[in-house]
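Heads up: the structure comes next, in structure tokens.
Throughout, read-outs are computed from the coordinates displayed, never taken from laboratory work. What you see is a predicted model, and the numbers here were worked out from it, not measured in a lab. Note that each Cβ is placed from the backbone with ideal geometry, even for glycine, and that neighbours are counted across all protein chains shown.
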There are 2 protein chains.
Amino acid sequence: MRITVVGTGAVGRTLGTALAALGHDVVIATRDPEATRGRPEWDGGLPPLVPMPGAADDAELVVNATAGTVSLDALRAVGDLAGKVVLDVSNPLDFSAGFPPTLAVKDTDSLAEQLQRGLPGARVVKALNTMTAGVMLEPGLVGNGDTTVFVAGDDEEAKGVVTGLLEAAGWRDVLDLGPLEAARGLEMWLPLWLRIMGALGTASFNLKIVR
Amino acid sequence: MRITVVGTGAVGRTLGTALAALGHDVVIATRDPEATRGRPEWDGGLPPLVPMPGAADDAELVVNATAGTVSLDALRAVGDLAGKVVLDVSNPLDFSAGFPPTLAVKDTDSLAEQLQRGLPGARVVKALNTMTAGVMLEPGLVGNGDTTVFVAGDDEEAKGVVTGLLEAAGWRDVLDLGPLEAARGLEMWLPLWLRIMGALGTASFNLKIVR
């Protein structure tokens, strides 16, 4: 699949590398490729960088790997996303008052729904925001892959594209929570996730829904 | 242990029965024992009902099994809780706008913290609010007991009392999340829990933190 990853932080780099390793045709969109290339954390093994304008024109899938508070601006900058499947892995974390962060949107709305409203015609699917980046496309790193990943979205076909991608990456328990509104619950998981990370002293964990 | 359960709904009845079965000396506090006894769901196998005033005087543990929106009033009605261990299993669900409920408190505060502030000297411990009532003290009902329960609280000794109770009930993975502030995350889990319940068509599930 032709995939444009938006976001050059740890999540974008990790997902970009993992998606390319899965055989996808990946580019990473950034406002200033030259400046990004000059960063110490950028190395030659990463997928090619492209400037944001038009970066999603040929994409079959756009991955939002930016910080939640800047996601809508970033996604608007990569061009018209009408008809595109947008996989939103971000979280609306607000660090302005320090750690732990609060949620910039919650309970009666979600970041994923804000993106859907702000990007007319895009087909937003929420997934993977519930775990650390390294596990997102390498589920075997925790519990031999015996954990759960969720999907939520209003477009069944788009959810099918994301589910197929997840299964190809090794996920065996992909739980469809229904409409994009379910992203409220997925994003409100983060405060508990952060507490668990603090208690365990590691981000290398995931939840399994046992039934 | 002498335990006063506050709340006569499904959670209070289930916990009262399970605590008595574990060998504890249990009473269930209600505003009007006569009226409660007359309800169709009340049967002779349940622990004795006592009127609220003074119901916690002899208790070593008080269990808050009321609806979150009325919990503080109910706990105040059972007497002075200074020095008492208060196990809060409730959730601040607001059904006033229908289903799914919203959260009456969240993100920068929690119901458990409100109870702690409103009950001077009480030793509030949050636990068990993350699952359906039937599993709370019968963890073996889901995945042969191979799931996770959390505790949070500011009083280490009180957390030890609750942890001991949970372990005696069969819990093998009791994860201490630290101070009562962690109840924010535990309570914000509910919206996701409700979505999962909807997707699975059952409340008989629990999360396991795999690491």
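Across the options A:G164, A:P47, A:F95, the greatest Cα extent toward the positive end of the charge dipole of chain A (unit charges at beta carbon of Lys, Arg, Asp, Glu) belongs to A:F95.
In chain A, what % of DSSP beta bridges are antiparallel (nearest 5)?
Numbers: 5 of 28 bridges.
Around 20 percent of the beta bridges assigned by DSSP in chain A are antiparallel ones.
The calculated FRET efficiency for B:R37 paired with A:D73, based on their beta-carbon distance and R0 = 60 Å, is about 0.45. Rounded, prolate or oblate: which fits chain B, taking a ≥ b ≥ c as square roots of the Cα gyration tensor eigenvalues, rounded meaning a/c under 1.5, else prolate when a/b beats b/c? Rounded. The phi-based Karplus calculation (6.51 cos²θ - 1.76 cosθ + 1.60; θ = phi - 60°) puts the 3J(HN,Hα) values of region A:84-91 at 7, 7, 10, 8, 9, 9, 8, 9 Hz, whole numbers, x for Gly and Pro. Annotation for B:G160, label-to-label distances across the other copies: 5.9 nm (shortest first, one decimal, point 7 Å from Cα along Cα→Cβ). Straight Cα distances below 18 angstrom link A:K159 to the aspartates and glutamates A:E60, A:D88, A:E113, A:E167, A:D173, A:D176, A:E181, A:E187, with same-chain residues fewer than 8 positions distant left out. Distance between the 7 Å Cα→Cβ label points at B:S96 and B:S204: 3.6 nm. Under 20 Å from a point placed 7 Å out from the Cα of A:D154 along the Cα-to-Cβ direction: which residues of region A:96-137 have their backbone N that close? The answer is A:105-128, whose backbone nitrogens lie closer than 20 Å to the label point.
Going by Cα centres, region B:21-50 and region B:130-168 are how many Å apart? Distance between centres, Cα-based: 23 Å.
Take each residue of peptide B:194-201, count the partner chain Cβ atoms within 10 Å of its Cβ, and average: the result is 5.
Going by the alpha-carbon gyration tensor, a ≥ b ≥ c the square roots of its eigenvalues, is the protein assembly as shown rounded (a/c under 1.5) or, if a/c is not under 1.5, prolate (a/b greater than b/c) versus oblate?
Prolate shape, in that a/c is at least 1.5 and a/b is the bigger ratio.
For region B:123-190, which trypsin sites (Lys or Arg not before Pro) are both in a DSSP coil and crowded by at most 16 other Cβ atoms within 10 Å? Here the sparse-neighbourhood loop sites are B:R172.
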